[in-house]
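Trainee: Let me begin by handing over the structure; questions about it come next.
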Amino acid sequence: MPVDQDGNGQCDVRALKTGRNAFTSPHCVNMDMRIARTFRINERVNVQGLFEFFNVFNNASPAAVNINQNHTPQLPGEPIFGSVAEYLPGREGQFGLRIEF
């Protein structure tokens with residue numbers, strides 16, 4: 001039966017000799033950009049065209065990190081603690097048209 005070692009209501013595998021927040025994940029770099037232009041049609045109507053880009057520099061930023069913390073030697077194929085398990089999407093872009101009246 002797993003034991004709630006740190007008293008947070010979850011039975012996890014964190015060793016008692018390691019403190020909370022003792023580890024840091026790999027760095028995350030993200031740059032988003034939005035370009036918009038508003039055109040006035042008449043007194044009441046405006047049209048706005050916009051382009052949005054996410055992760056402009058196409059960096060591989062981590063979305064999830066492995067938390068398996070075994071004190072035994074690593075078995076072949078077993079993820080290493082602190083390694084990246086999943087990455088955020090690469091560069092993405094979208095465009096839109098907004099009509100205000």
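Trainee: Show the residues, 5+ positions off or on another chain, whose built amide H is closer than 5 Å to the amide H of residue 65.
Mentor: Correct list: 85.
Trainee: Something else: Quick one: go through segment 37-55 and flag any residue whose amide nitrogen is under 17 Å from the point 7 Å out along the Cα-to-Cβ line of residue 92.
Mentor: 51-55
FYI, it's all coordinate maths here, none of it is from the lab. Here the structure is a predicted model, which means the values were calculated and not measured. Virtual Cβ from ideal backbone geometry, glycine too; neighbours counted across all protein chains shown.
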